[in-house]
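Step one of this worksheet: look at the structure below.
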Amino acid sequence: MNHDTLYAGSIRTQPDLRFLLRHPAHVLALGFGAGLIPFAPGTFGTLIALPLFWWLHPRLEAVDFLVLLGILYLLGIWVCGRTGRALGVQDHKAIVWDETVAFLAVLFFTPPLLIWQAFAFLLFRLFDIFKPGPIRAIEKMFGGGFGVMIDDLVAAFFALLCLALYKTLAPMGGWFGSGLV
């Protein structure tokens, strides 16, 4: 399934501030406005996760954070699906809630140093943009809000896998093991 598929009866449109404010689902799906940025909206949607994580993580127990992630993911299926239908494209580039939630998950499992979080950001964006192998296949397999959300979750998994491999295989944590950052 092509992520640019038009919904029946809809008109492809470029969202603006009026569209964003038309429905609460649009506010979330467009990352509180980050999706309106004309260049690299997915990158800006991913960046939203950093201050959210830095604020939420110290305030929530691990299990509570994971439950919240599950709720945000399920909410994302609905808000991304509804917003995609309104825009006429199921995975419009302005829809960035999927990046935000997936990167929150990555940050939860990343060592709490800024250098690790930056490395995680780079890996996640690379997997999300280039969608190698199974990520692209999964993206094409599913439609609607679930399809929008699932490929980013898989990209998050691959970013975490790379982080874990680096941490495990690099002697003393490689460049990031010093704890200086």
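Residue check: is VAL154 of a type in the set (A, V, I, L, M), within 16 Å of ASP98 (Cα to Cα), touching a Cys at 6+ places or on another chain (Cβ under 6 Å) and modelled with pLDDT of 95 or more?
Criteria not met by VAL154.
In the range 128-145, which residue that is of a type in the set (A, V, I, L, M) and within 15 Å of GLY42 (Cβ to Cβ) is modelled with the lowest pLDDT?
ILE135
When the residues of the range 76-115 are filtered to those that are of a type outside the set (Phe, Trp, Tyr) and open to solvent by 60 Å² or more (accessible area, probe 1.4 Å), which remaining residue is nearest to GLY35 (Cα to Cα)? Break it down stepwise before answering.
Quick first cut of the range 76-115, residues of a type outside the set (Phe, Trp, Tyr) only: 76-77, 79-96, 98-102, 104-107, 110-115.
Those still in the list that are open to solvent by 60 Å² or more (accessible area, probe 1.4 Å) too: 82, 85, 93, 112, 114.
Values: ARG82: 15, ARG85: 16, LYS93: 7, PRO112: 27, LEU114: 24 Å.
In this case the residue turns out to be LYS93.
Could you list, in sequence order, all residues of the range 63-94 that are assigned to a loop (DSSP other than H, G, I, E, B) and either under 25 Å from LEU161 (Cβ atoms) or among the hydroxyl-bearing types (Ser, Thr, Tyr) (or both)?
ASP91 - this is the single residue of the range 63-94 that is assigned to a loop (DSSP other than H, G, I, E, B) and either under 25 Å from LEU161 (Cβ atoms) or among the hydroxyl-bearing types (Ser, Thr, Tyr) (or both).
Of the conditions (1) in contact with a Lys or Arg (Cβ under 8 Å, 6 or more places away or on another chain); (2) in a helix (DSSP H, G or I), ILE135 satisfies every one except a single condition; which number is it?
With respect to (1) in contact with a Lys or Arg (Cβ under 8 Å, 6 or more places away or on another chain); (2) in a helix (DSSP H, G or I), ILE135 is out only on (1).
Looking at (1) out of contact with any Phe, Trp or Tyr (no Cβ under 7 Å at 6 or more places or on another chain); (2) over 18 Å from PHE44 (Cβ atoms); (3) crowded, with 20+ Cβ neighbours inside 10 Å, find the lone condition where VAL148 falls short.
It is condition (2) that VAL148 fails.
Only one of LEU28, LEU50, LEU75 is touching a helix residue (DSSP H, G or I) at 6+ places or on another chain (Cβ under 8 Å), of a type in the set (A, V, I, L, M, F, W, C), more than 24 Å from LYS140 (Cα to Cα) and at pLDDT 95 or above. Can you tell me which? If you could, list the steps in order and put the result at the bottom.
Values: LEU28 fails: more than 24 Å from LYS140 (Cα to Cα); LEU75 fails: more than 24 Å from LYS140 (Cα to Cα).
Exactly one residue qualifies, and that residue is LEU50.
Select from the range 34-63 the residues that are small (Gly, Ala, Ser) and crowded, with 17+ Cβ neighbours inside 10 Å and list them in ascending order.
The answer is ALA34, GLY35, GLY42, GLY45, ALA49.
The values are calculated or read from the model by the stated rules, or taken from the named source; none is laboratory data. All values reported here derive from a predicted model rather than from experimental measurement. Ideal geometry is used to build each Cβ from the backbone, glycine not excepted, and the neighbour counts take in all protein chains shown. Surface areas here come from the heavy atoms of the whole protein model, side chains and all, with no ligands, DNA or RNA. Shrake-Rupley method; radii C 1.70, N 1.55, O 1.52, S 1.80 Å.
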